[in-house]
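Asks: Sending over a structure as structure tokens; questions will come in a sec.
The values are calculated or read from the model by the stated rules, or taken from the named source; none is laboratory data. Everything numeric here is computed off the predicted structure, so don't read it as measured data. Note that we place each Cβ from the backbone using ideal geometry, even for glycine, and neighbour counts take in every protein chain shown. With ligands, DNA and RNA removed, areas are computed over all heavy atoms of the protein, side chains included. Shrake-Rupley method; radii C 1.70, N 1.55, O 1.52, S 1.80 Å.
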Amino acid sequence: MTHLAAAPSPSVRVRAPGKVNLSLRVGAVQEDGYHPLSTIFQAVALYEEVTATQVSEGAGVTITVDGPQADLVPLDATNLAWRAAEALAARVGTPPDVALHLAKGVPVAGGMAGGSADAAATLVACDALWQTGLSRDELASLAADLGSDVPFALLGHTAVGTGRGHLLTPAMTRGEFHWVFAAQAEGLSTPAVYGRFDELTAGSESADDPGLTEDTGLMQALRAGDAHALGRALHNDLEPAALSLRPGLERTIVVAREAGALGAFVSGSGPTVAALARSRQHALAIAASWTAEGAADSVWCTSGPAHGARLLP
Ligand code: ATP
């Protein structure tokens, strides 16, 4: 008698990167509640890995999560990966039947867009699983509806973002930059940071279109692969707001500077602090200073630019 093993369910794995905003310039809040942004994203080699497995018809979306901060991640329809699967299914008229497993490699609620990377990875994974035939541009348009950082997680590398951050133009870079991130156990809410930004900038001249005219030096540093010049040019308009909500981050920045960081600043909406290092060895030394000073709950050494959402073999 022959036993026939059941065929395994089709499954695909996709990796998508976290990001650091090399420059983040924020305009005055608009009537729709959004702030116009001009930003320069760089993807870093801290990856979210999403495995999408076909399940029986009518099973719907399910989510499981792995990683040191897995308990902070919602497992229901508020998860960006869940919303990405449903949005793609609705777009192509397929039932959203898929089991998603998220292996988290980006700090949660750290201003590094881990959730957005999950959404981008889910779009690419479900696109492959369901063989939708959508173009990359059509996926990017779905991504933009999910959140302003999702299109960049699809694209990766280094790019200028305008609008809500979702209109992207790839930027030229040379070589590799070495980063180290100080993550905090307790996240900062992005809306709370924007709220504080509005309070701090109330009454001041905040541009409707923040523009990147002041980032010419930064773009030159990227083209030349000049980490020292890049370190001097890093900029984040949200930093005062994040620091006012979490004053302890000042010390994390000072410790990195004392360890010789070429630049140290709040990453995105925080509370993660990013430091640019001269080399991988130097990144490890900054990480060691943060740990020794108790200035971070966890430290993450990596490099950029990194690729965008990509199927794994
Ligand atoms: P933001 O894009 O708001 O700057 P972030 O990069 O600071 O986010 P994320 O880890 O992407 O941080 O998620 C922030 C919050 O969003 C989490 O606290 C969590 O409640 C919720 N969330 C939704 N989907 C996810 C997901 N797939 N992974 C992590 N958090 C998620």
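Asks: What number comes out for the charge environment of residue 146, summing +1 per Lys or Arg and -1 per Asp or Glu over other residues with Cβ under 13 Å away? Display every interim value, and only then the final one.
Replies: Working: positive: 83, 91, 164; negative: 86, 118, 145, 149.
Around residue 146, the charge tally is -1.
Asks: Here's a follow-up. Express in nm, to one decimal, how much length is gained between residue 213 and residue 257 on full extension, taking 0.36 nm for each residue of separation and deducting their alpha carbon distance.
Replies: Length gained between residue 213 and residue 257: 13.2 nm.
Asks: Could I ask something else about it? Find the accessible area per residue for the range 177-304; the probe is 1.4 Å, ligands and nucleic acids are left out, and the unit is Å². Intermediate results must be reported in sequence, preceding the final value.
Replies: Details: 5710 Å² over 128 residues.
That works out to 45 Å² for each residue.
Asks: Another one. Multiplying the sequence separation of residue 199 and residue 90 by 0.36 nm and subtracting their Cα-Cα distance, what value in nm do you get? Display every interim value, and only then the final one.
Replies: Numbers: separation 109, 0.36 × 109 = 39.24 nm, distance 3.90 nm.
So the extension gain works out to 35.3 nm.
Asks: Extending each Cα 7 Å along its Cβ direction at residue 138 and residue 186, get the distance between those two points in nm, one decimal.
Replies: Once both label points are built, they end up 4.6 nm from each other.
Asks: In µm²/s, what is D for the chain at 25 °C and 0.890 mPa s, where D = kT/(6 pi eta Rh) by Stokes-Einstein and Rh is the Kirkwood radius from Cα pairs?
Replies: 123 µm²/s
Asks: A further question follows. Whenever you get a sec, compute what percent of the accessible area on the chain sits on carbon and sulfur atoms (1.4 Å probe).
Replies: Details: 7190 of 13870 Å².
After summing per-atom areas, the C and S share lands at 52 percent.
Asks: Just to be sure I understand the model, the point goes 7 Å from the Cα along the line to the Cβ. What's the resulting residue 307 to residue 223 distance in nm?
Replies: Rounded to a tenth, the inter-label distance reads 2.7 nm.
Asks: Going highest first, how would you order 18-31, 120-133, 173-186 by mean Cβ packing within 10 Å?
Replies: My ranking of the peptides, most packed first, is 120-133, 18-31, 173-186.
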